[in-house]
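This report concerns only the one structure given below.
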Amino acid sequence: MRTTRYRRETMQLYDFRGVEEHLADMAADGWRLEKAGRYFWKYRRAEPKTVRYAVTYSLDASEFNPGPTDGQEVLQDLCSAAGWQKVSDWNQMQIFSTEEENPVPLETDEALRVKIIDQVMWKAQLPLLALSMVIGGFMCLGPIMELIGNPVRYFESWTNSVILVSWLLILFFYGSNALLYRRWHRKSLESIACGGPCAAAGPYRALGRVFSVLMLFNLAYMLTQVMRSGTSAITVVFTLAYMVVYVLVVAVLEQARRFMRKRQVSRGKNIVGVSVLGIFLFCVLNFLLIFGLMGSLRTSREAEEVPFPLTLEDLTGVPYEDVQLDHISLSPGSSLMTRTAYYVSGARTTPDGETIQETLRYEIIDVKTEWLYQKTLEDRLEDKEYSTMGTMTWEPSDAAPWGAEQVYRLHYSHGKSNSYLLCFPGRLVELNFTKPHAPLTPEGMAEAGRALKPQT
Amino acid sequence: MAREKFQSLTEQMFYILLCLRHELCGADIAAQISAMTRNRVTVGPGTLYNILDSFLQAEMIEETKVEGRKRSYLITKKGRMMLDEEYRRLTTLVEDYRACIGEEEL
């Protein structure tokens, strides 16, 4: 039978009543709090008993202090004289217990309690909440601007959605927690003004559960997108490894804080040391993420064997020599959009015995929603190209030979190019055939249309 | 709670200052208040700690002795002035009450 148990507790620092009731329930179930840690609370098995818990706050307490402050010792002695034994501290919260029937309450002035809790919150939590919200807002700004200004580019990569949703969730979670605290503070003051006790804490635990579930959904979406865009195991392994390393970094920082505490390093130096180490490790980790994940995506893509929907032989009906095939995923893609480019080159011999080099390049853009389809089409048509042949613009062309809904052809100042934009339901294809001597034949267009339209 | 930083004192603050006319350690303050008020007023250790801390910061009391972890306190001139001020305020309240209720009863 195990004698210790670790639990991840989600109580807020101001919810003294929630902590007291939870610990009393745990004691009744035979689990006594031994240590309230930053990430996990440690419980020790004991005889199930009615134990009263009460918490108070010490403003000068800190998890970075090398030991209990003079103030904490004074408080502990005062509580001890009143029959309360110190159990643990959790940030500025000091947790005491007693088995006495009718102990003197730790706090006998509700207004003073609210004032001290407010000071603790402003010292320990609210600035961090505010900082997290500022960072969250800043991180959301880029993807939101892109979503509004250039939705096509935004949906070209699933990473934009994952980043935006993650930071929006964090923003919502921290913002809600800050608002819930202010609501508790206001209601407590109102209650005390009428001679009542502090108000009950709001539904922050339910909010935390909703946040966790939504974050898991976001994580699951990220993994599905990684697998969809990268396909290979190396990408999934890299992503999972990143998460494990992230947890390890957090554990390393926690160990560093404890180590410096044991070595009696002052509070200020401990905070600076952990902060510097944290920034360094997270920079390294993000460097690995950006370059490692991109590298693994590229590697996995290159290793894949992808069938080519259209080759030079399909287009012209004649054989080619020295055929080279290449393809590249132009962006990671998202569940709403994917972009893949194919490149084919080869040499053929004309009836005159001349060997000519020809290339075919086409880009397939699959779009899942009508709105995004129209945006992508507009984006392409507005995209003027500039070359030595003058400004090039897309002009409508006959779609019938291609079997497409609409077709545009790229025109330059003095003529037409061999570049076409084919519009199929849910798919746009930009095709460029560098055949120097003649335009595409109707048969070639029909064959290209058949090969490049979405396969139902 | 200190009513807007000691413009007036709460009942618990009043009794703490009253007890500290003589040097006392923290635990004894709570016991003396209970005895003085026949358990009508109780000061919890958490509340006592925070009030003592705010009185020290406002220089209304001073630390007189530190024996190990045991600390003793004594009221200062400033604290005594606050206590007297509170007494006068309370007396005024009582006098006003007597004046009003007395008139009605007459």
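Computed quantities for the displayed model
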quantity	calculated
Hits in the stretch A:72-85 (condition: surrounded by fewer than 18 Cβ atoms within 10 Å (Cβ to Cβ) and either β-branched (Val, Ile, Thr) or more than 7 Å from chain B (Cβ to nearest Cβ) (or both))	A:80, A:83, A:85
Residue within the stretch A:374-388 that is without any contact (Cβ under 8 Å) to a residue 60 or more places away in the chain and crowded, with 18+ Cβ neighbours inside 10 Å present	yes
Per-region count, the stretch A:423-456, residues assigned to a strand (DSSP E or B) and over 17 Å from residue A:343 (Cα atoms)	3
Residues that are open to solvent by 30 Å² or more (accessible area, probe 1.4 Å), within 14 Å of chain B (Cβ to nearest Cβ) and at pLDDT 95 or above, drawn from the stretch A:18-69	A:20, A:52
Residue in the stretch A:381-400 that is touching a helix residue (DSSP H, G or I) at 6+ places or on another chain (Cβ under 8 Å) and modelled with pLDDT of 90 or more present	no
Residues of the stretch A:86-117 that turn out to be within 11 Å of chain B (Cβ to nearest Cβ) and closer than 18 Å to residue A:178 by Cβ, as a count	2
Residues located in the stretch B:36-88, provided they are out of contact with any strand residue (DSSP E or B) (no Cβ under 9 Å at 6 or more places or on another chain) and either of a type in the set (S, T, N, Q) or open to solvent by less than 20 Å² (accessible area, probe 1.4 Å) (or both)	B:37, B:39, B:41, B:42, B:43, B:48, B:51, B:54, B:57, B:58
Test result for residue A:77, without any contact (Cβ under 8 Å) to a residue 60 or more places away in the chain and within 36 Å of the chain's Cα centre (by Cα)	no
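The values are calculated or read from the model by the stated rules, or taken from the named source; none is laboratory data. This one's a predicted model, so the numbers in the text were calculated from it and none came from an experiment. With ideal geometry, Cβ positions are generated from the backbone for all residues, glycine too; neighbour counts draw on all protein chains shown. Remember, those area values only see protein heavy atoms, side chains included, never the ligands or the DNA or RNA. Shrake-Rupley method; radii C 1.70, N 1.55, O 1.52, S 1.80 Å.
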